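Let me begin by presenting the structure, written as structure tokens, before commenting on it.
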Amino acid sequence: MTDQSSNQMWGGRFAAGPDAIMEAINASIGFDQRMAAQDIAGSRAHAAMLAATGVITDSDAQAIREGLLTVLSEIQNGEFQFSTALEDIHMNVEARLKEVIGEPAGRLHTGRSRNDQVATDFKLWVRDQLDAAESGLLALIRALLAQAEAGADWVMPGFTHLQTAQPVTWGHHMMAYVEMFGRDLSRVRDARARMNESPLGAAALAGTSFPIDRQMTAEALGFDRPAANSLDAVSDRDFALEFLSSASICAVHLSRFAEELVIWSSAQFRFVTLSDRFSTGSSIMPQKKNPDAAELIRAKVGRIYGANTALMMVMKGLPLAYSKDMQEDKEQVFDAADNWMLALAAMEGMVKDMTANRESLAAAAGSGFSTATDLADWLVRVLGLPFRDAHHVTGSLVAMAESKGCDLPDLTLEDMQSVHADITDDVYSVLTVQNSVNSRQSYGGTAPDQVRAQVKRWKALV
């Protein structure tokens, strides 16, 4: 029997049977070629160190460095032929290097393993993505600060349970997201600082007998120090998990904001107008302007959090040190990174371009008895009522206004005194929306002065 006929169970996908299946499941070049620049940077640093420590000659090191630059140029220009038979980016680069420079290429792998090589490449790649995330978050925060500063005293309804609660300012609402994305920024920076240790030189798992200088390669690649334990260095993927965790939390924040933009841009709210650049029309309803960018950002959290969960499951049962399971670490991270960077850029664009409809915000701010808490506070502050009693009086006045089909400021003084005789006309001073927000002067409150102070603080930070 031929190999093909004896393996019909494998199906038509793999014409050559188990050998082709093994090649397909074993190869990672289809995705890890994205780390080509990092792989070559690590190899150049390693070659320079081998020459400096006398492990290889200067002439071999020079040939390796120049050959690697040739290979990098071929990859960047789309001239490089990747081979699945060579499994991964490391073997593809090394094989091509041998074709370019000959025998010296075989000395490049002295004192290292693919285990520490891939850990180094992946760390360098993730570090670049953390830097990109930092840039994206800074740009988004600055866009939010511009919105907050412009609308520091624009009134709008604040919500709990998506029900009108108390008036706030547009600037205050924008600054809430500055705080959220500011925490994301701190997580990104914190993760970058913690992961910045070099695995290079840990070799397969136990280090090497060659007199290498790991501090030299760490410094050359921008790491703070070499990783202190060779077993941990090759088996650690905490940096990827932290990246995905930070991305997941940020994606939740992006999704929450996206949800508000979807609601706010609807015909029922008209709080904001999104630019045409981040909206689409309907194929059948000409009046529609759909917030597609916001909706897609809202969906990204599923992919990003899914990647986080997937890598957690890959890593959860692995003994030290390296296992082939860890080849499954990259595709999730690559996909999550692409979607995170895209979501950050799209949200920044929407925030920069969107227009807050001040009149609609103000009209909504005064609806739904939004100053009821101000009335209760006045009863406590001026009449000396216990807050629970003030809450009851206010509730009765709200019920009266509701039965009359009006808002609290529209009740007459006689109406109010029918509920509590000591109420005076001074109460009307706290029932306007603007006075309500102006009174919220506690630190972090919605008063325009407080908003401007927070904008100033953040502008100094970013």
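The magnitude of the dipole of the chain, with charges of +1 and -1 set on the Cβ of Lys/Arg and Asp/Glu and taken from the Cα centre, is near 240 debye. Taking Cα atoms only, the orientation of helix 58-76 departs from the longest principal axis of the chain by about 50 degrees.
Taking a ≥ b ≥ c as the square roots of the Cα gyration tensor eigenvalues, with a/c under 1.5 meaning rounded and otherwise prolate when a/b beats b/c, else oblate, which class fits region 366-461? Cα axes put region 366-461 in the prolate bin. Residue by residue, region 405-420 carries 3J(HN,Hα) couplings of x, 10, 9, 4, x, 8, 5, 6, 4, 5, 4, 5, 5, 5, 8, 9 Hz when phi is fed to the Karplus relation 6.51 cos²θ - 1.76 cosθ + 1.60 (θ = phi - 60°); x denotes Gly or Pro. Taking every C-alpha pair closer than 8 Å and separated by at least 6 residues, the mean separation divided by the residue count of region 20-107 gives a relative contact order of 41 percent. Please compute the net charge surrounding A364, taking Lys and Arg as +1 and Asp and Glu as -1 over other residues with Cβ under 13 Å from its Cβ. That sum, taken over residues with Cβ under 13 Å, equals 0. Under a 5 Å amide H cut-off, with hydrogens placed 1.01 Å from N, I56 pairs with A51 among residues at least 5 apart or on other chains. A Förster radius of 25 Å, combined with the Cβ-Cβ distance separating S73 from A132, puts the computed FRET efficiency at roughly 0.60. According to the square roots a ≥ b ≥ c of the eigenvalues of the Cα gyration tensor, what is the shape class of region 193-233, taking rounded for a/c under 1.5, prolate for a/b larger than b/c otherwise, and oblate for the remainder? Because a/c hits 1.5 or more and a/b fails to exceed b/c, region 193-233 counts as oblate. Per DSSP helix of 4 or more residues, -39500 (n - 2.57); summed, then divided by the residues of the chain. What does that give at 222 nm, rounded to the nearest 500? Result for the chain, helices only: -19500 deg cm²/dmol. Looking at the chain, the accessible area is 47 square angstrom per residue; that uses a 1.4 Å probe and ignores ligands, DNA and RNA. Projected label points at M22 and A52, each 7 Å from Cα along the beta carbon direction, are separated by 4.1 nanometres. Give the long-range amide H neighbours of V168: residues separated by 5 or more places, or on another chain, with amide H under 5 Å away, using H modelled in the peptide plane at 1.01 Å from N. Excluding prolines and chain starts, which carry no amide H, the hits are M156, G158.
Residues whose amide H comes within less than 5 Å of that of L385, counting only those at least five positions distant or on another chain, are V380 (H built at 1.01 Å from N in the peptide plane). Of the solvent-accessible surface of region 366-461, computed with a 1.4 Å probe and all protein chains present, 53% belongs to carbon and sulfur.
If one takes the longest principal axis of the Cα atoms in the chain, at what angle in degrees, from 0 to 90 and to the nearest 10, does the Cα axis of helix 292-315 lie? Roughly 50 degrees between the two axes. Other residues lying with their Cβ under 12 Å from the Cβ of A453 contribute a combined charge of +2, Lys and Arg counting +1, Asp and Glu -1. Using a ≥ b ≥ c from the Cα gyration tensor of the chain (square roots of the eigenvalues), is it rounded, prolate or oblate, where a/c under 1.5 gives rounded and otherwise the larger of a/b and b/c decides, a/b for prolate? It comes out prolate by the Cα gyration axes. Take every Cα pair under 8 Å whose residues are at least 6 apart in sequence, average their separation, divide by the length of the chain, and the relative contact order is 17 percent.
Taking only Cα atoms, what is the 0 to 90° angle, nearest 10, from helix 238-264's long axis to the longest principal axis of the chain? That works out to roughly 30 degrees.
Given a Förster radius of 51 Å and the C-beta distance between F269 and A85 as r, what FRET efficiency does 1/(1 + (r/R0)^6) yield to the nearest 0.05? Approximately 0.30, to the nearest 0.05.
Summary value for region 177-226: 36 percent relative contact order, contacts being C-alpha pairs under 8 angstrom separated by 6+ residues. Note on region 89-129: with neighbouring protein chains present and a 1.4 Å probe, carbon and sulfur make up 41 percent of its accessible heavy-atom surface. Packing, taken as the mean count of other beta carbons within 10 Å per residue, orders the peptides 420-431, 447-458, 164-175 from highest to lowest as 164-175, 447-458, 420-431. Derived scalar couplings between HN and Hα for region 435-452 equal 5, 4, 5, 5, 7, 7, 8, 5, 4, x, x, 8, 4, x, 5, 5, 4, 5 Hz in order, rounded to whole Hz, by the Karplus curve 6.51 cos²θ - 1.76 cosθ + 1.60 (θ = phi - 60°), x for Gly and Pro.
Relative to the current alpha-carbon distance between R183 and N229, full extension at 0.36 nm per residue lengthens the span by 13.5 nm. Computed about its Cα centre, the charge dipole of region 366-461 is approximately 840 debye, with only Lys, Arg, Asp and Glu carrying charge at their Cβ. 3J(HN,Hα) couplings calculated from phi for region 127-140 with the Karplus curve 6.51 cos²θ - 1.76 cosθ + 1.60 (θ = phi - 60°) are, in sequence order, 4, 4, 5, 5, 5, 5, 5, 4, 4, x, 5, 4, 5, 5 Hz; Gly and Pro show x.
The values are calculated or read from the model by the stated rules, or taken from the named source; none is laboratory data. Just so we're clear, the structure is a prediction, and the values are computed from it rather than from any experiment. Note that each Cβ is placed from the backbone with ideal geometry, even for glycine, and that neighbours are counted across all protein chains shown. The protein model used for the area step is the full one, side chains on, heavy atoms only, and it has no ligands, DNA or RNA in it. Shrake-Rupley method; radii C 1.70, N 1.55, O 1.52, S 1.80 Å.
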